[in-house]
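Participant: Below you'll find the structure I mean.
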Amino acid sequence: MSRSEPDVEAVKAANLRFYQAFGSLDIAEMQQVWETSPRAMCLHPGWRLLTGWEEIRASWEGIFYNTSLMHFNITEIQAVVQEDSAWVFCVENVSSVTDGRATNFGIQATNVFVRKDDGWRMVHHHASGAN
């Protein structure tokens, strides 16, 4: 196993924790995934860029409030680690119930992580419609 493989696996695990927090619809769990700093950024499909944890947190609270079910099947996972930064590309295959409507759809996502003393934390999430 090369030196970078454990880091890649740790980043993939951090990415999985993000989707578990998303699926749990629990803001406390989501906060454990993110670097809660002003440099954090998030771009949900069809939204403007959100900057800083406070804006990002408010977006998740709104999404969670209006959603009764969110299930992810994550595919096409590719992760790269370079020193204390990492990025993951994946496809989010989503089943959700939002505002009483059930939907299934695919989203392409890029998630960026930074290494902190307590592990990898998300600093950027960018999601857009899958082809």
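The values are calculated or read from the model by the stated rules, or taken from the named source; none is laboratory data. Just so we're clear, the structure is a prediction, and the values are computed from it rather than from any experiment. Glycine gets a Cβ as well: all are built from the backbone with ideal geometry, and neighbour counts include every protein chain shown. Heavy atoms of the whole protein, side chains included, go into the accessibility calculation; ligands, DNA and RNA do not. Shrake-Rupley method; radii C 1.70, N 1.55, O 1.52, S 1.80 Å.
Participant: Given the criteria in contact with an Asp or Glu (Cβ under 8 Å, 6 or more places away or on another chain) and part of a strand (DSSP E or B), does Ala86 qualify?
Facilitator: yes
Participant: Looking only at region 66-85, which residues are under 15 Å from Val11 (Cα atoms), of a type in the set (A, V, I, L, M, F, W, C) and over 13 Å from the mean Cα position of the chain (by Cα)?
Facilitator: Once the filter is applied, which keeps residues that are under 15 Å from Val11 (Cα atoms), of a type in the set (A, V, I, L, M, F, W, C) and over 13 Å from the mean Cα position of the chain (by Cα), region 66-85 yields Ala79, Val80, Val81.
Participant: Within region 18-57, count every residue that is out of contact with any Asp or Glu (no Cβ under 8 Å at 6 or more places or on another chain) and part of a helix (DSSP H, G or I).
Facilitator: 14
Yes or no, residue by residue, for (1) surrounded by fewer than 17 Cβ atoms within 10 Å (Cβ to Cβ); (2) under 26 Å from Val97 (Cα atoms); (3) modelled with pLDDT under 95:
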| site | (1), (2), (3) |
| --- | --- |
| Glu9 | yes, no, no |
| Ser24 | yes, yes, no |
| Thr36 | yes, no, no |
| Ala40 | no, no, no |
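Participant: Now for a different question. Among (1) within 22 Å of Glu5 (Cβ to Cβ); (2) modelled with pLDDT under 95; (3) open to solvent by less than 20 Å² (accessible area, probe 1.4 Å), where does Asp118 come up short?
Facilitator: The single condition Asp118 does not satisfy is (3).
Participant: If a residue has to be surrounded by 13 or more Cβ atoms within 10 Å (Cβ to Cβ), closer than 13 Å to Val123 by Cα and of a type outside the set (A, V, I, L, M, F, W, C) to count, how many in region 75-113 make the cut?
Facilitator: Qualifying residue count, region 75-113: 3.
Participant: Quick one: what pairs do we get from region 76-103, first residue at pLDDT 95 or above, second β-branched (Val, Ile, Thr) and open to solvent by 60 Å² or more (accessible area, probe 1.4 Å), C-beta under 6 Å, 6+ apart or different chains?
Facilitator: Short answer, once both residue conditions are applied: Trp87/Val80; Cys90/Ile77.
Participant: Suppose the filter is closer than 27 Å to Val8 by Cβ, over 13 Å from the mean Cα position of the chain (by Cα), aromatic (Phe, Trp, Tyr) and surrounded by 16 or more Cβ atoms within 10 Å (Cβ to Cβ); does Trp53 pass it? Steps first, please.
Facilitator: Details: closer than 27 Å to Val8 by Cβ: yes; over 13 Å from the mean Cα position of the chain (by Cα): yes; aromatic (Phe, Trp, Tyr): yes; surrounded by 16 or more Cβ atoms within 10 Å (Cβ to Cβ): yes.
It is true that Trp53 is closer than 27 Å to Val8 by Cβ, over 13 Å from the mean Cα position of the chain (by Cα), aromatic (Phe, Trp, Tyr) and surrounded by 16 or more Cβ atoms within 10 Å (Cβ to Cβ).
Participant: Of the residues Gly106, Gly100, which single one is on the phi > 0 side of the Ramachandran plot and small (Gly, Ala, Ser)?
Facilitator: Gly100
Participant: From Arg121, Arg115, grab the single residue that is part of a strand (DSSP E or B), more than 11 Å from the chain's Cα centre (by Cα), over 18 Å from Pro45 (Cα atoms) and basic (Lys, Arg).
Facilitator: Just one listed residue meets the conditions, Arg115.
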